[in-house]
Amino acid sequence: MTEIPQERRVVTAIPGPKSVELQARRLETVAAGVGSTLPVFTARAGGGIIEDVDGNRLIDLGSGIAVTSVGASAEAVVRRASAQLADFTHTCFMVTPYEGYVEVCEQLAELTPGDHAKKSALFNSGAEAVENAVKIARVHTKRTAVVVFDHGYHGRTNLTMALTAKNMPYKQGFGPFAPEVYRVPVAYGYRWPTGAENAGAEASAQAIDQINKQIGAENVAAIIIEPVLGEGGFIEPAKGFLPAIAQFAKDNGIVFVADEIQSGFCRTGQWFACEDEGIVPDLITTAKGIAGGLPLSAVTGRAEIMDSAHSGGLGGTYGGNPVACAGALGAIETMRELDLNGKARRIEEVMKGRLAEMQSKLDNGDIIGDIRGRGAMIAIELVKSGTKDPNPQAAADLAKACHAEGVLVLTCGTYGNVLRFLPPLVIGEDLLNEALDVIEQAFGRI
């Protein structure tokens, strides 16, 4: 495996001529509904760099949407997955099982919050994990209703589209959606009407009141929430909100599900984001960062809940693929050995410090309405000068300016006005600061 030089290099326009040629081929055969943030075709990637087919090297502040936390070609992931690839690629765990699946479940039992007995089931994608968490909660409680939150995102399957708050691009035209899904307020501090300091208590009270009045707590199988809301804008629910909702679930026999698909595996400076307020979920869904870029997801939870489903009720042909399981064991090995929780906390320190400086010193710095997030899951919410009105155009313009200079950034948010930063946890601090220099310069050009 050749090491990729960890330096930004822009040698052509972005996208370059070879990427433009590949894009033309793509348009002929790839469905138009499959979008791309930046039509730059990757040749190789690793550390904090993506190298394209034209030889440009981009600083990666996206990690394939929080997937390649250990880097896109981490040694332990490549080593373990390659060895497994040579032994066998598939048998289907439901036909003849293999040790790697069991090892991943053992690691999940150890790493996820709580010291209770735990079991896991492995799948392919985050949406599949969430959908199976709902199945498990329903069969365990013998109830049907599912409660989710404003600004939440849970996937693109029919059920998870119903769970997801944002219409475009995720839901538009794809209905009708699964029934018995109910949405309640979340403690979005920056936009809470009476101020962030009141959001936790007021939003949890409103949510609980709506559940009691509109659904009936005795009818709710599961409450599902991202401990840091991802696609909705990297919203950290105000302090006190998650503990109040978790306690309400416990008091009413409701399965509390932490959707840690984007926020898990050291991304927020802890193994899982729900640990920040001491939340011990009944079920936790994971994917993205779990396997260093290979498709794998999991539902992990209390053994008695996980065992509620009858034999054969959970599974799937590819779920817990042996190569993906090997990759997961390599990713977890890397997270432990390199203390990626510590690295994530350092990334937060650097990024929040630099972004706060930009906010205070730039002539147009007041368009940065909020700087938020934890660890290497950081965002800025962009607003129109002197207001809190969302400014999606500024987010789009900033992203475009960064891309042109060889820094890959992503946008998100219910209003499309959030610039989010998800660097690989192994990124060098020099690269991180260089990317922040480019972002600062981009502010001067919009």
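No value in this document is a laboratory result; all are computed from the given coordinates. None of the values given here were measured: they were computed from a predicted structure. Backbone-built Cβ (ideal geometry, glycine too); neighbour counts: all protein chains shown.
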Open item on the list: Please compute, for the alpha-carbon atoms of the chain, the extent along each of the three principal axes and give them in descending order in Å.
Closed with: 60, 59, 43
TODO: Run through every distinct alpha carbon pair of region 344-434 and return the Kirkwood hydrodynamic radius in angstroms, one decimal place.
DONE: 13.4
Task: Choice from 144, 37, 68 with maximal GNM fluctuation in the chain (Cα, 10 Å cutoff) - done: 37
Open item on the list: Connecting C-alpha atoms closer than 10 Å in a GNM of the chain, tell me which of 272, 234, 248 has the biggest fluctuation.
Closed with: 248
TODO: Work out the charge dipole of the chain with +1 on the Cβ of Lys and Arg and -1 on the Cβ of Asp and Glu about the Cα centre, then indicate which of 136, 207, 29 is farthest towards its positive end.
DONE: 29
Task: Translational diffusion coefficient (Stokes-Einstein; Kirkwood radius from C-alpha pairs) of region 76-337 at 37 °C, 0.692 mPa s, in µm²/s - done: 176
Task: Most mobile of 191, 57, 420 in a GNM of the chain (Cα contacts under 10 Å) - done: 191
Task: FRET efficiency, residue 388 to residue 445 (Cβ-Cβ, R0 25 Å, nearest 0.05) - done: 0.60
TODO: Note down the net charge around residue 376, summing +1 for each Lys or Arg and -1 for each Asp or Glu among other residues with Cβ under 10 Å from its Cβ.
DONE: +4
Task: Cα centroid separation - region 353-379 against region 396-446, whole Å - done: 12
- [ ] Indicate, rounded to the nearest 5 percent, the antiparallel portion of the DSSP beta bridges found entirely in region 76-337.
- [x] 45
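Below 13 angstrom from the Cβ of residue 53, what's the summed charge of the other residues (Lys, Arg +1; Asp, Glu -1)? Spell out each step's value before the answer.
Working: positive: 18, 25, 26, 44, 57; negative: 21, 51, 52, 54.
Cβ neighbours under 13 Å give a net charge of +1.
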- [ ] Could you please rank 50, 371, placing first whichever residue has the fewest other Cβ atoms within 10 Å of its Cβ?
- [x] 371, 50
Open item on the list: For 161, 335, 168, 358, which order do you get if you count the other beta carbons within 10 Å of each Cβ and list the fewest first?
Closed with: 168, 358, 161, 335
Task: Neighbourhood net charge (9 Å Cβ-Cβ; Lys/Arg +1, Asp/Glu -1) for residue 152 - done: -2
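Once the Cα gyration tensor of region 182-302 is found, what semi-axes does its equivalent ellipsoid get, as square roots of 5 times the eigenvalues, in whole Å, sorted largest first?
24, 18, 12
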- [ ] Return the lysines within reach of residue 384: Cα separation strictly under 23 angstrom, same-chain partners fewer than 8 residues apart disregarded; answer none if there are no such residues.
- [x] 166, 352, 361, 400
Open item on the list: If neighbour count is taken as other Cβ atoms inside 10 Å, put 366, 150 in order from fewest to most.
Closed with: 366, 150
TODO: May I have the extent of the alpha carbons of region 9-146 along their three principal axes, as whole Å values ordered from largest to smallest?
DONE: 57, 38, 31
